[in-house]
1. Name the residues in the stretch A:141-194 that are within 7 Å of another protein chain (Cβ to nearest Cβ) and part of a helix (DSSP H, G or I), would you?
2. Among the residues of the stretch B:171-189, which ones are more than 8 Å from ligand 2 (Cβ to nearest atom) and either within 7 Å of chain A (Cβ to nearest Cβ) or in a loop (DSSP other than H, G, I, E, B) (or both)?
3. Please go through the stretch B:58-79 and give me each residue that is over 25 Å from B:Gly216 (Cα atoms) and in contact with a Leu (Cβ under 7 Å, 6 or more places away or on another chain), ordered by number.
4. For the structure I just gave you, tell me whether A:Gly79 is within 8 Å of another protein chain (Cβ to nearest Cβ), small (Gly, Ala, Ser), touching a residue at least 60 places away in the same chain (Cβ under 8 Å) and part of a helix (DSSP H, G or I).
5. Applying the selection to the stretch A:237-257, what residues are open to solvent by 70 Å² or more (accessible area, probe 1.4 Å) and either hydroxyl-bearing (Ser, Thr, Tyr) or under 16 Å from the mean Cα position of the chain (by Cα) (or both)?
6. Assuming B:Leu228 fulfils every condition listed in (1) at positive phi; (2) away from chain A (no Cβ under 14 Å) apart from one, which condition is it?
7. Which condition from (1) more than 14 Å from chain A (Cβ to nearest Cβ); (2) touching a strand residue (DSSP E or B) at 6+ places or on another chain (Cβ under 7 Å); (3) at positive phi is the one that B:Glu249 breaks?
8. Residues that are out of contact with any Gly (no Cβ under 9 Å at 6 or more places or on another chain), at pLDDT below 95 and more than 16 Å from ligand 1 (Cβ to nearest atom): does the stretch B:257-268 have at least one?
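The values are calculated or read from the model by the stated rules, or taken from the named source; none is laboratory data. These numbers come from a predicted model, not from an experiment. So basically every Cβ, Gly included, is an ideal-geometry build from the backbone, and we count neighbours across all protein chains shown. SASA here: full protein model, heavy atoms, side chains in, ligands and nucleic acids out. Shrake-Rupley method; radii C 1.70, N 1.55, O 1.52, S 1.80 Å.
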Amino acid sequence: MNGDHSPAHGPRRAVAEVAGQPPGDVASYYGRPVLKTPVWEWKVAAYLFTGGLAAGTAVIAAGADLTGAARLRRACWLGSLGALLASLVLLVADLGRPERFHHMLRVAKPTSPMSVGTWILSAFGPGVGAAAIWEMVPVRWRSSWPARLLRAVSRGLGLASAATAPGVATYTAALLSHTAVPGWQEVRAELPFVFAGSAAASGGGFGMLAAPVLEAAPARRFAALGATGELVASRLMEQRMGLIREVYHQGAAGRRRRGAELLTLAGLAGTVLVAGRSRAGAAASGLALLGGSALQRFGVFEAGVASTKDPRYTVVPQRERLDAAARDRSAVTG
Amino acid sequence: MTERNLLFGPEDDVSRDSGYDEHPPRVGFFTDTSVCIGCKACEVACKEWNHVPEDGLDLLGMSMDNTGMLGANSWRHVAFVEQRRPAGQEGGWSLPDEMTAQVEPRLRAAPRGGSELGTTPLPSPGSGAVQDLGMPTFSRPGDGTGAEARTDFRWLMESDVCKHCTHAGCLDVCPTGALFRTEFGTVVVQQDICNGCGYCVSGCPYGVIDRRPGDGRANKCTLCYDRLHDGLEPACAKACPTQSIQFGELDELRERADRRLAELHGQGVAEAELYGRDPDDGVGGHGALFLLLDKPEVYGLPPDPVVPTRFAPEIWRRVGTAAAAFAVAGIGAFVSAAFGNRR
Ligand code: SF4
Ligand code: SF4
């Protein structure tokens, strides 16, 4: 993919250099877009965040369960269920025919990341629900035998859910990249890592926000690893971009991505320096990480949408590819 | 996977690979734009036969094109390209910049950047604003500017339609199975299944399929699936008075397209090219071929589209690696806890 583009330096000149044509002279049909702009609304961008959060918190909750950190476990299972419910509402509301949401369960289609995602979420959801329900059982009933049975079952289901969480955290990158949208397709190599990091940072951030400092050490480590991964992957992604770098820099998408980087950096610094010592510091760092993760998702989403509105992002790389192939052919024959 | 390229590449028998053991031959269109006269009979016949609702009455300033693009409510779209070049020159046709300049601000101001065309009208410009549609005047070309500035002029017309791709991005990504491959090798949405998730809209590399506002479901050309069952040709091909739209078996259409191209090249129309003819292209070739008289992008078509599914193996490999990294980070965060550390 990346070999298809030479780096873009400025909005118009980039095109001229890439296509070897006079500035701004990319043939188009009255400047009209070639592609349809996604019909997905902000709800899908918001889901990218809530889905990642549900996955990140589930991993921490399961780890807390296994290591006996009860308050971290409780906060994260409840957080995971909340994020999951929000996700489902957002996803169903974005459908053109919400009452037909269950048609997603008619088939299992490996060529459709949305179908794959539906089944991953179906595997993930029930365990999160069961684990969170047990957390809601009042303490005075917990020693009764039905509660103990529920605990045994929900614990197993919750741990199994956590095993599918990595899929929940990352399949959304495939969902976006497996499209004709230049701004999403061309970042297919790096986006899964950006989203995985973003999900871990938000999950860890939530743990730091909701659990006492003493129990939250693993959440801090998970958040720090995630934030570092996201920052590095996001920078790398930007370095390798061709013409579409413009849509990642300009307008609302550019502002959100810059905001995401700042908040994530601040959250990371806070996580390493103060979150282990002060509850307020932990909460502030957690909030910064959550905000950074959300902005990252909106930034990537909007950059893709913007890349469909201008025919250049579709035409220039394709024309370049054709011209290069023609040059190769004439080099062979001539 | 030599002759059965399920994700991308040439495929001899799409219907068989979609599960039809016995099936009629693959059919499609050959749209020869060199004989299109821009009458829009195809647009009208399609709307009539398929009960496609109006896409908004709008004057777009794109020559005689007031449809603008294929969309949920426009399954045939006739593109009009007015081109000029300095008189007497060879090649070098271009759309006058002032025409694009008239159109572009309205496209930019539209919420979907103009890709709502073919589905809904563009928002109208501020009330009372006079819109210059670039209509011709009665003076002769060059009267005002002197003979040197005279230009040659040509008018391209092309009736666009869903390509019924061999590897259809829309179909591959549809999570409900609403989009399916028919026994004729065409690609159709089942309206009773579609839940309007909108994935197909972003999966199509040609900007063809769209969600119908108010209805919420995806819509596009069906290649008149109902008429095919009754042995009839699609309504647009039936209505086309110049046989610019030809319907038939795909193998035969490909030969016809090759013959027509050779004929035009023989007549000195060197710029004629086929679009969607090559089974080795990014979508495995079209079911609906075109003969164009300029580069595809001049008609608003992508020059080298690729089905997103082609990248699926690479995408899932990367997702798998990222998921593993996420899991390792999660385990790592706790393993150090289990070994009792301070922070
Ligand atoms: S991908 Fe687009 S052009 Fe191809 S069959 Fe689907 S809607 Fe038609
Ligand atoms: S909108 Fe309908 S046809 Fe398109 S992908 Fe979704 S379910 Fe399939």
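1. In the first step, residues of the stretch A:141-194 are kept if they are within 7 Å of another protein chain (Cβ to nearest Cβ); the result is A:166-167, A:169-171, A:173-174, A:177-181, A:185, A:188-189, A:192-193.
Across the stretch A:141-194, the qualifying residues are A:Pro166, A:Gly167, A:Ala169, A:Thr170, A:Tyr171, A:Ala173, A:Ala174, A:Ser177, A:Gln185, A:Pro192, A:Phe193.
2. So the first thing to find is which residues in the stretch B:171-189 are more than 8 Å from ligand 2 (Cβ to nearest atom), and the list is B:171-172, B:180-188.
B:Asp172, B:Thr182, B:Glu183, B:Phe184, B:Gly185, B:Thr186, listed by residue number.
3. Across the stretch B:58-79, the qualifying residues are B:Leu59, B:Gly61.
4. On the way: within 8 Å of another protein chain (Cβ to nearest Cβ): no; small (Gly, Ala, Ser): yes; touching a residue at least 60 places away in the same chain (Cβ under 8 Å): yes; part of a helix (DSSP H, G or I): yes.
No, not satisfied.
5. Looking only at the stretch A:237-257, we keep the residues that are open to solvent by 70 Å² or more (accessible area, probe 1.4 Å), and these are A:239-240, A:249-250, A:255-256.
Result: A:Arg256, single match.
6. Here B:Leu228 clears every test but (1).
7. (3)
8. Yes - at least one qualifying residue is present in the stretch B:257-268.
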